[in-house]
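Reading through the structure tokens given below for one structure.
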2 protein chains.
Amino acid sequence: METVVIAGVGLIGGSFGLALKGAGFGGRILGVSSPQTIEKALRRGAIDEGASLEDAAPRADLIYLAGPIRAILETIPKLDGLVREGALVTDAGSTKRRICDAGRGLRRALFVGGHPMAGKERRGVEEAEAELFRGRPYLLAPARPEDLESGAALEFTGWLRRIGAEVRVMTPEEHDRAVALSSHLPQMLSTALAAALGGEEGARWAAGPGLVDMTRLALSGWDIWQDILETNRDEIVRALESFGGDLDAMRAQLERGLPEETFRRGAEFARRLRERR
Amino acid sequence: METVVIAGVGLIGGSFGLALKGAGFGGRILGVSSPQTIEKALRRGAIDEGASLEDAAPRADLIYLAGPIRAILETIPKLDGLVREGALVTDAGSTKRRICDAGRGLRRALFVGGHPMAGKERRGVEEAEAELFRGRPYLLAPARPEDLESGAALEFTGWLRRIGAEVRVMTPEEHDRAVALSSHLPQMLSTALAAALGGEEGARWAAGPGLVDMTRLALSGWDIWQDILETNRDEIVRALESFGGDLDAMRAQLERGLPEETFRRGAEFARRLRERR
């Protein structure tokens, strides 16, 4: 792996460039982004040069698509006409089924979907850091399990481990269901809670630190969430349905007694979640 | 106000003692708690001496009940036989209707319910601090509005302002409805979410910082929540019902389109919540 092209040099793309260099990658890193972003990314040292997709893609051993889901979906079909035979294309999008479907259409390049479970509240290459992936799960969703055995894929996963990521392999379907529960459902609850309290006179003055925690996700940008909701709609609907049932059950418990067992299970999960980190 | 008795010298009670002294209170502060807690509170300087309720109450100008709701409800009926005529009794419990009902039964003392909207993740007098109440709302729920015009009540509210609290007056009913929405509903959602994800294989590895935020309240102790759920059951049930309807509506929006408007309203409330702080 000599030449890496990062398309979308934001928080994730920029961090990937910094992480590769920090882990000893000696090849060349090309960035595809707006001129302003390229300038910032060059200054941060996240990339070695900026280029258009048309100029960069033919030189790439690895193309790392780190833009919004919508941009990833637009870029993939263009790549077959640009890339070298045998190049590896991967992405860092938050949903996987639609993106991996698009990746399956590539003939000359191998596509392996990816999703680093890493992030920060603020976005942009200014926030990028070489250690962003360290100790964090990094999902890979190959079209077929044997795709990960190719030389290009083995080299890529080797670099992922070197930048500190914990590589996990699952199907796009398994991924989209898992993130619907662990990421998209919490977002919907935070947004719904904040929206519900917006109309309540007394709720704001009575707010404590707990409500601040519970409404932090509600600050997330709509641009990102529009793409996620559109590409994982069925799983999110299913997660909301299932959670609605849980909430009804908890309310019924409270009407006739106390939901002590639910509190016990919730506290246990919350503790285990923190132990893992 | 010469002598203050703090019954339950934990985080809130201990902080009230420290705050009074920090604001220049020159009288005596008696603590009623377990021997171990009294020792720690004396070492922190939150109280001047420890005493039993029977010994302390007859000396008090102000009795500040800062134990669990259950302890407050048990203590109030005992006070009529102990206190000086005209003493003021107040509390720091998280729900107000049941406590204020009990307070109305006092004949010799005046009862004004209270609820400081201040706290910390960790409890105990070790965590107490003089500045805990500064800039935070402090609710007062008098049985009748004119109760706040009595000399004892005016002196107490003067001290609340001196320790930096923002005093707000509402009825116990208004209070319990407001905290059902701003505090108890978020707790139930965090607990229900954490409990729901406990059974999901993939959810824990796919967890990001958002899920950590959303499950922090699920770590709260059951002992505190048992009291809150028992004394505010109807309002919490109502809040859960209403939120369940909001969630259904959001799901329906997602099934046929996108809940952009809900995201906008949620982000707006979350932003306003942070501006106030």
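Bear in mind that the values in this text are calculations on the coordinates, not laboratory data. This is a predicted model, so every value here is computed, not measured. In this analysis, Cβ positions are derived from the backbone assuming ideal geometry, glycine residues included, and neighbour counts consider all displayed protein chains.
Roughly how large, in nm² to one decimal, is the mean projection of the convex hull of the alpha-carbon atoms in region B:1-119?
Orientation-averaged projected area of the Cα hull: 6.5 nm².
Per the Kirkwood formula on distinct C-alpha pairs, the Rh of the protein assembly as shown is how many angstrom? Evaluated on the protein assembly as shown, it is 26.0 Å. Between residue A:146 and residue A:2, the FRET efficiency estimated from the beta carbon spacing at R0 = 22 angstrom works out to 0.35.
Fewest Cβ neighbours within 10 Å first, please rank A:40, B:96 accordingly.
A:40, B:96
Only the Cβ atoms of Lys and Arg (+1) and of Asp and Glu (-1) were treated as charged; on that basis the dipole of chain B about its Cα centre amounts to roughly 540 debye. Here's the picture: a label point sits 7 Å out from the Cα of residue B:108 along the beta-carbon direction, and within region B:41-72 the residues with their amide nitrogen under 17 Å of it are B:52-64.
Between copies, residue B:223 shows label-point distances of 4.9 nm, shortest first, with the point placed 7 angstrom from Cα along Cα to C-beta. For the pair residue A:274 and residue B:54, label points projected 7 Å from Cα toward Cβ lie 4.1 nm apart.
In terms of overall dimensions, region B:129-238 has a Cα radius of gyration and Dmax of 18.6, 61 angstrom. Where the centroid of each part is defined by its Cα atoms, how far is region A:166-203 from region A:125-143 in Å? Comparing the Cα centres of region A:166-203 and region A:125-143, I get a distance of 20 Å. Using every pair of distinct Cα positions in chain B, the Kirkwood expression returns a hydrodynamic radius of 20.3 angstrom. How far is it, in nm, from the label point at residue A:261 to the one at residue B:162 when both lie 7 Å from their Cα along the line to the Cβ? Label at residue A:261, label at residue B:162, 5.3 nm between them.
Note on residue A:84 and residue B:123: the model spin-label points, each 7 Å out from Cα along the C-beta direction, lie 6.4 nm apart. This model, with +1 at the C-beta of Lys and Arg and -1 at the C-beta of Asp and Glu, gives region A:1-123 a dipole about its Cα centre of some 400 debye.
Between residue B:39 and residue B:169, the contour length at 0.36 nm per residue exceeds the Cα-Cα span by 43.3 nm. Measure out, as a whole number of angstrom, how far apart the alpha-carbon centroids of region B:58-73 and region B:1-43 sit. Here the two parts' Cα centres lie 12 Å apart. Amide H to amide H under 5 Å from residue A:89: which residues, 5+ apart in sequence or cross-chain, H placed 1.01 Å off N in plane? Here A:63, A:110, A:111, A:112 satisfy the definition.
The ellipsoid that matches the Cα gyration tensor of region A:174-276 has semi-axes, each √(5λ) in whole angstrom, of 23, 20, 15, with the longest given first.
DSSP assigns beta bridges within region B:1-149; of those with both partners inside it, close to 20 percent run antiparallel.
Relative contact order for region A:3-170: 24 percent, from Cα pairs under 8 Å spaced at least 6 residues apart, divided by residue count.
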